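Reading through the structure tokens given below for one structure.
All of the numbers you see were taken from the coordinates with simple rules; none came from a lab. All figures in this text were calculated on a predicted structure; none of them were measured in a lab. Neighbour counts run over all protein chains shown; Cβ positions are idealised from the backbone, glycine included.
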Amino acid sequence: MKKEKENKKPEEKKKTNYSNENREVPISPIKNNRSKQGKLNRAAGQRFEAKVRAGLEKMGWIVDKWTNTVDYNREGKTGKVVPAKRKYNPFKKVMVLGTGFPDFIAFRTNKIDNKESPLMKGFCEKCKKESFGYEITKGFITCNFCGEHILSIPLEKEDRLKDNQTKIISIEVKSKGYLDKIERDMCYWLLENNIFSEILIARKGKKRGEVEYIDFSDKYNKKQ
């Protein structure tokens, strides 16, 4: 007898639910780690900026966030100061101020109006720069750049002519102290066009919690 062929029912294909409610999109662990690291780096950068600002204010500087940048033409080596582009904050749903370059602008006025503690000057061996200030203790003033105590001497006649003159500088905060080619070109343009008399680079020092201030002109000599 011929075996009767069994009528096999075709197997039903499993239906995949592609609805957005039940669909789980796998997240790449590498992409996830990069995202987390990026957030941590940005948060650390903001904390360091706040620390730099607080340190400058403690040294007597009036500090504000610089909201302009340089529209620089690398070919023609020309530029102009323009407002930094505003950015959209998706959490607050508002447009916020863009990141300017350099990060901060600071100014301070020398005044010789305190007879008990006249304005003095001193030379910081660490920063290799001259500073002006009032004596904190007999024979010592605070360095305008690193905040350390340095020996003070009375002002000479030519120095006293600087009374009530305001010095304006800018500060770019870089934890490692490095500027790329475009940033260096913008700094050269700002100095050559007398937008700022001095540009400092604030970086992390060798000791924990230390902030070092480097003169841009000293670090990036154009002749080099």
Fewest to most Cβ atoms within 10 Å: Asp215, Asp64 sort as Asp64, Asp215
Extension gain His149-Ala50, at 0.36 nm per residue separation less the Cα-Cα distance, in nm? 33.4 nm
What is the spin-label model distance, in nm, from Ile62 to Lys138 if the labels are put 7 Å beyond Cα along the C-beta direction? 3.5 nm
Residues Leu151, Leu190, Leu56 in order from fewest to most other beta-carbon atoms within 10 Å are Leu151, Leu190, Leu56
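Based only on other Cβ atoms within 10 Å, what is the fewest-to-most ordering of Leu191, Leu179, Leu40, Leu200?
By the 10 Å Cβ count, ascending, the order reads Leu40, Leu191, Leu179, Leu200.
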Flagged links, alpha-carbon separation over 20 Å, of Lys65/Lys181; Lys36/Lys85; Lys126/Lys207; Lys65/Lys85: Lys65/Lys181; Lys36/Lys85
Residue separation between Lys176 and Arg86 times 0.36 nm, minus their alpha-carbon distance, gives in nm 29.8 nm
